[in-house]
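Written below as structure tokens is the structure these notes are about.
The values are calculated or read from the model by the stated rules, or taken from the named source; none is laboratory data. Everything numeric here is computed off the predicted structure, so don't read it as measured data. So basically every Cβ, Gly included, is an ideal-geometry build from the backbone, and we count neighbours across all protein chains shown. Quick note on the areas: whole protein, heavy atoms, side chains included, nothing else; ligands and nucleic acids left out. Shrake-Rupley method; radii C 1.70, N 1.55, O 1.52, S 1.80 Å.
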Amino acid sequence: MDLSLSDDQRALQEMVRNFARTEIAPRARAYDQSKDFPRDNFDQMAELGLLGLLTPEAYGGSGGSVMDQCIVAEEIAYACSATALSYLAHSVLVCYNLASNGSEAQKKKYLPDLCSGAKLGSLCITEPGAGSDALGMETTAEQRGDSWCIRGSKTFITNAPVADIFLVYVRTDPKDRNRGLSQFIIERDTPGLSVGQPFHKMGNRASPTSEVFFDDCIVPDENLVKGANRALGILMGNLDVERTVGGALGVGGAQSAFDKALHYAKDRVQFGQSILGFEMIQDKIATMATDIEAARLLTWKAAALCDAGVRCSKEASMAKLFASEMSNRVTSEAVQILGGYGYMEEYEVERIMRDARLGSIGAGTSEIQKLIIAREITQEAFGSLG
């Protein structure tokens, strides 16, 4: 498998890297403190054609690949993890989802505004009683003529406070736990839909997260994606891409913390010499760099498989698992290398470490990723244990 980047991908990487480090990175600390949504970052990403990177050009997107999306996501995460998180939710969870599963009418109606940044998207799956057990969701939709009445609530929904378009998973067949799910497109001003106040979070504070409530929310049948009781396939089909790009977010944050720690270690003098000359610091640097490169290659491998149309649940979960756990380790070591300064806000590694913690929780916990990997390995080796 050739994991080298093409000339076009290297040009994309360079362009986004320059933009992210010049425009986004200098604002990251201020956004973390204010907890405001980085609208200016999104406006600029829209101008660069990044918001609909995976969306076909016919609907206002850039027609890029999953590898392209990983390249961009890593560079955005390097500059600001919160911006990258909201970007993933919009570009992958909403735009890519609609581009892959929406009807022609739905794609023409919603994707151009989403790709241009005129409207922002949010995906609603998690509920108070349904986190890792997504199939346990209890938000329901009852058909009434040519419309559906939706009742229930969602929680921990990224972008909800600022979103204009919601993709919402609901239960349309109470008797079928596994296949009784449907997905609806719901616009923010739909009567019966309301959004809670943003949560106060440990990290990724500029990526707003809240509850979403549905109180007899009436949605037309034309906003049902693929038909009733068809959403399990949508959900499973999108997870490989979501988790692969999630791996890129972990790599970007870790690389940022590593670079800051490396330069600090070179300049910091103790006992008459740069601490980079101490073997224990060198041990940390070597381990951190190796972990980052391993996570990047796992992510790129999963991206290449996605682009080839190969089912890659195992590889996507491996990328997401390793990159998330690696990012936690690397950012923590970066704080340790900076010592007391690493604990201070102005040196930024403490923010990057706080942001990294979400990686092993969101989009499927590390524990869930391990279960998926073990299941896939078992099936490959034995077919079934049943």
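Test of understanding: among Arg10, Arg21, Arg27, which residue is in a helix (DSSP H, G or I) and either in contact with a Pro (Cβ under 9 Å, 6 or more places away or on another chain) or modelled with pLDDT under 95 (or both)? Can you show your working first?
Values: Arg10 fails: either in contact with a Pro (Cβ under 9 Å, 6 or more places away or on another chain) or modelled with pLDDT under 95 (or both); Arg21 fails: either in contact with a Pro (Cβ under 9 Å, 6 or more places away or on another chain) or modelled with pLDDT under 95 (or both).
Exactly one of Arg10, Arg21, Arg27 is in a helix (DSSP H, G or I) and either in contact with a Pro (Cβ under 9 Å, 6 or more places away or on another chain) or modelled with pLDDT under 95 (or both), namely Arg27.
Yes/no per residue for (1) open to solvent by 30 Å² or more (accessible area, probe 1.4 Å); (2) among the hydrophobic types (A, V, I, L, M, F, W, C); (3) over 15 Å from the mean Cα position of the chain (by Cα):
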| residue | (1), (2), (3) |
| --- | --- |
| Ala323 | no, yes, no |
| Thr331 | no, no, yes |
| Gly342 | no, no, yes |
| Ala374 | yes, yes, yes |
| Glu380 | yes, no, yes |
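Exactly one of (1) touching a Pro at 6+ places or on another chain (Cβ under 8 Å); (2) closer than 30 Å to Leu48 by Cβ is unmet by Gly180. Its number?
(2) is the only condition that Gly180 fails.
Quick one: would you say Arg21 is without any contact (Cβ under 8 Å) to a residue 12 or more places away in the chain, open to solvent by 70 Å² or more (accessible area, probe 1.4 Å) and basic (Lys, Arg)? Working first, answer last.
Working: without any contact (Cβ under 8 Å) to a residue 12 or more places away in the chain: no; open to solvent by 70 Å² or more (accessible area, probe 1.4 Å): yes; basic (Lys, Arg): yes.
Judged against the criteria, Arg21 is not a match.
Kindly provide the set of residues from region 229-263 that are surrounded by fewer than 24 Cβ atoms within 10 Å (Cβ to Cβ), of a type in the set (D, E, K, R), in contact (Cβ under 8 Å) with a residue 12 or more places away in the chain and assigned to a helix (DSSP H, G or I), ordered by number.
Within region 229-263, Glu242, Lys260 meet the criteria.
Condition first: over 19 Å from Phe199 (Cβ atoms), of a type outside the set (A, V, I, L, M, F, W, C) and touching a Leu at 6+ places or on another chain (Cβ under 8 Å). Now tell me which residues in region 128-172 satisfy that.
Asp164, Tyr169, Arg171, Thr172
Let me confirm something: among Asp164, Asp173, which residue is free of Cβ contacts under 8 Å to residues at least 60 places away in the same chain, closer than 30 Å to Leu371 by Cα and open to solvent by 30 Å² or more (accessible area, probe 1.4 Å)?
Being free of Cβ contacts under 8 Å to residues at least 60 places away in the same chain, closer than 30 Å to Leu371 by Cα and open to solvent by 30 Å² or more (accessible area, probe 1.4 Å) holds for just one of Asp164, Asp173, which is Asp173.
Scan region 282-300 for residues that are among the charged types (D, E, K, R) and over 20 Å from Gln9 (Cβ atoms) and jot them down. Break it down into steps so the answer makes sense when it comes.
First, the residues of region 282-300 that are among the charged types (D, E, K, R): 283-284, 291, 293, 296.
If the condition is that a residue be among the charged types (D, E, K, R) and over 20 Å from Gln9 (Cβ atoms), then Asp283, Lys284, Asp291 are the ones that fit.
Looking only at region 150-167, count how many residues are farther than 19 Å from Asn41 by Cβ and not β-branched (Val, Ile, Thr).
Number of matching residues: 7.
Step by step: first the residues of region 293-314, then only those that are of a type outside the set (D, E, K, R) and surrounded by 22 or more Cβ atoms within 10 Å (Cβ to Cβ), then the one that is farthest from Leu249 (Cα to Cα). Which residue is that? Step through it out loud before you land on a result.
Taking region 293-314 and keeping what is of a type outside the set (D, E, K, R), we get 294-295, 297-300, 302-306, 308-310, 312-313.
This time we only want the ones that are surrounded by 22 or more Cβ atoms within 10 Å (Cβ to Cβ), so: 295, 298-300, 302-303, 306, 312.
Working: Ala295: 11, Leu298: 13, Thr299: 10, Trp300: 12, Ala302: 14, Ala303: 13, Cys306: 17, Cys312: 19 Å.
Selected residue: Cys312.
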